[in-house]
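Nothing in this text is a laboratory measurement; each read-out follows from the coordinates by a stated rule. Note that the coordinates shown come from a computational prediction; the quantities given were computed from them, not determined experimentally. Because the Cβ atoms are built from the backbone with ideal geometry, glycine has one as well, and the counts that use them run over all protein chains shown.
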Amino acid sequence: MPLLFRAFVLVHIACGTVGLVSFWGPVLSRKGASLHRSSGRIFTYAMLATGTAAIGISTCTLLDPLGCHPHLVGRIDPRLGLFDAALVRGIFGWMMLYLAVLTINLAWYGRLCVLNQRHHARNRTRLNVLLQALLLVLALNCAWQGVLLRQPLMIGICVIGIATVVTNVAFLATTTPARNRWLLEHIKALVGAGISVYTAFFAFGAVRLLPSLALNPFLWAIPLAVGLTLIVYHQRRVRRGYAPGRRPTEA
């Protein structure tokens with residue numbers, strides 16, 4: 001199990017690094033331009049691969065928590081307590097599994113939004129709907145595990161997943177969405193996936209040096225604050241561009 005775990009970690013790091021870098025291509029480039037499209041595709045596929053590897057990491061952790069994280073055995077943090085099997089399974093198993101599916105959900109949903117901008121009904125694929133249901137279940141489970149472990153961040157972080165499902169399903173259930181709604185959803189989803197990969201970089205990436213930083217609210221807040229700012233900024237530009245009597249600026 002530890003050998004398989006390390007293989008998933010290597011894939012996760014490699015694909016996550018690509019995602020960290022390529023994220024800024026579509027964010028900073030002109031919307032609809034060649035660079036925006038090409039870097040956006042790279043980022044999307046990198047996120048799908050990163051999330052898939054994270055599912056493997058979390059599954060291995062759930063099956064063998066201390067065997068996959070031997071560096072945590074016997075360590076005690078004044079805030080988190082002893083890193084026993086239950087705590088490791090909760091943080092690096094259940095919570096990582098939830099965040100992995102959140103990343104895949106956002107990347108896939110955002111991809112479909114731009115592919116099916118003129119054919120909204122095609123967004124309601126079985127896989128897309130299944131990802132919404134799966135994310136909701138894992139978000140609620142993460143919150144419950146947080147209650148059992150008395151870890152407030154595990155409880156609070158589930159709000160992002162629930163909000164994602166609610167807004168995604170609201171769009172999917174709309175028969176005739178506004179003409180720019182697909183673009184607003186695309187921005188929300190892909191920047192949301194960026195928030196996810198940077199959160200993993202700042203939070204879980206620090207665990208090798210300082211394990212307690214894995215649940216440090218400050219580290220989690222940095223990518224969330226930056227990502228939400230980007231979402232609000234770009235969505236406001238889209239709404240202004242689609243105002244009556246004005247040409248779209250974000251198409």
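Modelled spin labels at Ala173 and Asp84, positioned 7 Å past Cα toward Cβ, are 4.2 nm from each other. Neighbour counts of other Cβ atoms within 10 Å put Val197, Val114, Val73 in the fewest-to-most order Val73, Val114, Val197. Here is how the number arises for the chain: DSSP H runs of 4 or more residues each give -39500 (n - 2.57), the sum is divided by the residue count, and the result at 222 nm is -23500 deg cm²/dmol. Dividing the mean sequence gap of close Cα pairs (under 8 Å, 6+ apart) by how many residues the chain holds gives a relative contact order of 18 percent. Between rounded, prolate and oblate, where does the chain land on the alpha carbon gyration tensor, with a ≥ b ≥ c its root eigenvalues, rounded for a/c under 1.5, else prolate if a/b exceeds b/c? Here the chain falls in the prolate category. With Cα atoms defining each centre, region 133-180 and region 1-56 are spaced 22 Å apart in the structure. Give the residues of region 138-153 whose amide nitrogen is closer than 16 Å to a point set 7 Å from the Cα of Ala221 in the direction of its Cβ. The answer is 152-153. Taking +1 at the Cβ of each Lys and Arg and -1 at the Cβ of each Asp and Glu, which of His120, Thr199, Gly161 sits farthest along the dipole of the chain towards its positive end, judged by Cα position relative to the Cα centre? The listed residue farthest towards the positive side: His120.
Panel order for Met1, Met95, Met154, by other beta carbons found within 10 Å of each beta carbon, from fewest to most: Met1, Met154, Met95.
Ordered by the number of other Cβ atoms lying within 10 Å of each residue's own Cβ, fewest first, Leu3, Leu115, Leu135 fall into the sequence Leu3, Leu115, Leu135. The phi torsions of region 20-29, fed into the Karplus equation with coefficients 6.51, -1.76 and 1.60 and a -60° offset, translate into couplings of 4, 7, 6, 3, 6, x, x, 5, 9, 7 Hz, rounded to whole numbers, with Gly and Pro shown as x. A simple spin-label model places pseudo-atoms 7 Å from Cα toward Cβ; at Tyr233 and Thr125 they are separated by 3.1 nm.
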